[in-house]
1. Kindly state, to the nearest 0.05, the FRET efficiency for Ala22 paired with Glu57, given R0 = 22 Å and r defined as their beta-carbon distance.
2. Given a Förster distance of 30 Å, report the FRET efficiency between Asp96 and Ala36 from their Cβ-Cβ distance, rounded to the nearest 0.05.
3. Within 10 Å, count the other beta carbons around each residue, average over each peptide in 39-50, 6-17, and list them highest first.
4. Taking the Cβ of Ala109 as the centre, find all other residues whose Cβ is under 10 Å away and add up their charges (Lys, Arg: +1; Asp, Glu: -1).
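Values in this text are rule-based calculations from the coordinates and carry no lab data. Note that the structure is a prediction, hence the values are computed from the model and not measured. Positions of Cβ are generated from backbone atoms using ideal geometry, with glycine treated the same way; all protein chains shown enter the neighbour counts.
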Amino acid sequence: EALQTRWRGLMPLDWQPAQTAADALRAREKEEESLASGFLSTSGSVSLEADFNSYAETIFETPARIADLARTNEKVRDKAALLMAFYAVIDPRFKDTFKTLGLGEIPAAAPIVEKPPTGLENKAPEKK
């Protein structure tokens, strides 16, 4: 929930999620507005989840794109930093992964005070 609240705070003030498939298709027509608003793709603009997923996909598949955009686009930088902070909650080793991917220059976001989802903790199960 902390992630969702913080991600929503990075969305444009007038942003609303797509209510219908037709709304989602209309969003795709606004390609040039997307990046200026912090969306990596128009499909990312249809919901918080789609936006987060587009960042996760790009960070792991084309990290150089995120690194380049983050140098000049504050919205992209802030979303990338928040996503990386979230992954670090799941497993702190992601911090090193992001550095290896060339994303070490993106300033860290404030930590997310949230426990990892159940079952994703980076520890051995307790023996009974």
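1. 0.35
2. Working: r = 32 Å, r/R0 = 1.07.
Efficiency for this residue pair is about 0.40.
3. Put in order of decreasing packing, that is 39-50, 6-17.
4. Values: positive: Arg6, Arg77, Lys79; negative: Asp78.
Net charge in that neighbourhood comes out at +2.
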